[in-house]
Each structure stands twice: as C-alpha cells, then as structure tokens.
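The values are calculated or read from the model by the stated rules, or taken from the named source; none is laboratory data. Worth saying up front: this structure is predicted, and the values here are computed from it rather than measured. Cβ placement follows ideal geometry from the backbone for every residue including glycine, while neighbour counts extend to all protein chains displayed.
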Amino acid sequence: MPELAEVAFHASKWKAAVGQRFRLDWISPKARCCRHCDADTLRSALDDSVLKAGYTHGKRMLFSFGDRSYLEIHLGMTGSLRRENLDYERVKHDHLVLRGERTLLVFQDSRQFGKVAFHRTEGDLPAWWRELPPQPHDEQFTPERFEEILSRSPRSVLKAFLLKQEYFPGVGNWMADEILWQARVRPSRKVESLSKKESDALFEKLRFVCAEAIRTIGGDYSDPPETWLFQHRWKDGGDCPATGKPLVRETIGGRTTCWSPAWQR
DNA sequence: AACCCTGTTATCGA
DNA sequence: TTCGATAACAGGGT
C-alpha cells in the first residue's frame, strides 16, 4: 500500500535497526523485483557492515551500509518492509532478508512490481539521489515551483498530472484523489483550466495532505481523519464525507478514481 | 471465473 | 511535442 506516507512507515521499520551489522541472508534469484541486484555483489559488499541510515524520497527508499554501499528499495504495489526475530523462517514472497546482530530485515512483495538495487558510491549519497526533485512537503517545494510545474503541463488532466513522480514524488492514487477532493476540483479537469483561486487551493491541499498523511500513516500507521475521502473511497456505495451524497468511481488518467460530483467543480 | 488492484514503463497514435 | 490509452509485469482478493 505504498505511497509517500506508507513508504515512510515501512522505512522506519528498517531504520530502527540502524547501528547493527548486517550480512545478506537471502535474495530471491528469480524474482523480478530483484533483477537489478546481483546476489554476489550484494553479499560481498555488505559483509557485516553497519546499517548507517535510512532515507526516503517519494516512493523510494535508500539504506546506507558501511562506507559507500547503498541499497535502494521501491515497494511497487504490494511491497513491505519488516523486522523479524533471528529465528524467523522465510515465507512465500520474502525476496530479501538481511541478517543483523539482533534482528532480520525482510523485504516482501507478492506482485514483484517493487525493486531492489545495490549502489556503490563515492561521497555521502549517490548523485542521482541528491538530485531528485523536491517533495511536496519539502521547504523547497515553493508556490513558485508549483506554478512552474503547472505551466509545463497545461493540457494534462489533473488526476494524471498529480501522479507524475518527477513533479510530485510520492503522490499515488489515493493521495491524488484526496488532494483533488479536498481542493474541490474535479479530477478530469485540465491543468490550464484552473483559476488562480483553484490552483492556490490545490497547492495548499497538496502540502496539507502530504504532511498529515506522513504524521498519521507515516508515524504509526494510524488512519487519517474520518473527514477525509480516504476512509470512504473503497467502500461500495460510499458517500462523500462532505455532502453525504454518493461517491463516483471511474477511470481517469488510466487509474481508478474516486470523486464527489456534488462537491468538486 | 471474471474482474479488481495505493506502481512503473514501453509503445502506439491522436 | 505532449498526452492519453493500452498492455505488460505477477499474484492475491472478491
């Protein structure tokens, strides 16, 4: 279930093991999600090196080991990170297991749309990681940057626009719907059709939804407020928490989209 | 059995 | 060039 905040939550599971030494316990040789990660390379690179830190950026995670070793993880649609006791026995869809001094770190992903990749780098962090665009909740994500992004995709449909990771790293299907619903704008609208008032609302709700989701889901996986669309969107025959009227589900921008016709203009 | 899915990428065509 | 639609990936849930 990984978007921005879920990713932060999963990363925190592994971050709790910072300081321990790790070695490779298991990596699935045939799993698609591990095809960018050579087992021998990873094994010799880790070799009881200390987990130094964990980082997240949008839907990506990066864990640094020892001197210059980095493990990049993307959870795809169904990935998860867990800690397990040392006597844990691997189950189906566990594709990566790292053995530490007091815990195991496990990456599981049934659909295998996720990604595990190993990087060895000079300097503090890989250059590509440092050059990632600002996240919506970063300070550098200014109103000016938002305006600039808007002007670059004038004919894009808003739903598809918000899902562009190069602009809004970490925003996924439910967050995009939530942002549009809170800003009271229809998902099928074009970027260029937004009034100043609407684009201001969109910016504000983008920042608010990201920050609040990180606080709740990203913290202890607690639910966002009842007043959000989030709680109602997948229920069959769900009602809009603002108007009490039925929500609609349709495919917009290639993804199932939930919205409230009586609420969004 | 048919159809759905909180993600990404390649390809085709308007 | 930009964007949208579609399929593919691989498995589980309804």
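Kindly indicate which of A:Ser199, A:Ser260, A:Ser195 is away from DNA strand C (no atom under 16 Å from the Cβ), within 18 Å of A:Glu147 (Cα to Cα) and polar (S, T, N, Q).
On inspection, the qualifying residue turns out to be A:Ser195.
Being farther than 25 Å from A:Lys59 by Cα and either in a strand (DSSP E or B) or within 15 Å of DNA strand C (Cβ to nearest atom) (or both) narrows it down to one of A:Arg249, A:Arg155, so name that one.
Result of the check over A:Arg249, A:Arg155: A:Arg155.
Which of the residues belonging to segment A:39-70 are modelled with pLDDT under 95 and under 17 Å from A:Ala8 (Cβ atoms)?
Selection gives nothing.
Here's the yes/no breakdown for (1) within 20 Å of A:Pro126 (Cβ to Cβ); (2) free of Cβ contacts under 8 Å to residues at least 24 places away in the same chain; (3) within 16 Å of DNA strand C (Cβ to nearest atom):
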| residue | (1), (2), (3) |
| --- | --- |
| A:Arg32 | no, no, yes |
| A:His36 | yes, no, yes |
| A:Asp40 | no, yes, no |
| A:Phe63 | yes, no, no |
| A:Gly66 | yes, yes, no |
| A:Thr78 | no, no, yes |
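Restricting the search to segment A:81-106, which residues are more than 15 Å from DNA strand B (Cβ to nearest atom) and under 20 Å from the mean Cα position of the chain (by Cα)?
A:Arg82, A:Arg83, A:Asp94, A:His95, A:Leu96, A:Leu105, A:Val106
Would you point out which residue out of A:Gly170, A:Gly237, A:Gly244 is surrounded by fewer than 18 Cβ atoms within 10 Å (Cβ to Cβ) and in contact with a strand residue (DSSP E or B) (Cβ under 9 Å, 6 or more places away or on another chain)?
A:Gly237
Which condition breaks for A:His36 when tested against (1) closer than 18 Å to A:Asp109 by Cα; (2) modelled with pLDDT of 95 or more; (3) touching a strand residue (DSSP E or B) at 6+ places or on another chain (Cβ under 7 Å)?
For A:His36, the exception is condition (2).
Whether any residue in segment A:71-78 is touching a strand residue (DSSP E or B) at 6+ places or on another chain (Cβ under 6 Å), modelled with pLDDT of 95 or more, surrounded by 22 or more Cβ atoms within 10 Å (Cβ to Cβ) and β-branched (Val, Ile, Thr) is what I want to check.
Yes: segment A:71-78 contains one or more residues that are touching a strand residue (DSSP E or B) at 6+ places or on another chain (Cβ under 6 Å), modelled with pLDDT of 95 or more, surrounded by 22 or more Cβ atoms within 10 Å (Cβ to Cβ) and β-branched (Val, Ile, Thr).
Return the residues of segment A:162-193 that are of a type in the set (A, V, I, L, M), assigned to a helix (DSSP H, G or I) and near DNA strand B (Cβ under 9 Å from one of its atoms); say none if nothing qualifies.
The answer is A:Met175, A:Ala176.
Would you confirm whether or not segment A:201-224 contains a residue that is of a type in the set (Phe, Trp, Tyr), within 27 Å of A:Thr56 (Cβ to Cβ), assigned by TED's automatic domain parsing to the domain that holds A:Arg155 and in a loop (DSSP other than H, G, I, E, B)?
The answer is yes; a qualifying residue exists.
Looking at segment A:43-63, is at least one residue surrounded by fewer than 16 Cβ atoms within 10 Å (Cβ to Cβ), in contact with a helix residue (DSSP H, G or I) (Cβ under 9 Å, 6 or more places away or on another chain) and either in the same structural domain as A:Val171 (by TED's automatic domain parsing) or of a type in the set (Gly, Ala, Ser) (or both)?
Yes - at least one qualifying residue is present in segment A:43-63.
Output the residue which, of all residues in segment A:118-152 that are more than 22 Å from the chain's Cα centre (by Cα) and polar (S, T, N, Q), is nearest to DNA strand C (Cβ to nearest atom).
Here the residue is A:Ser151.
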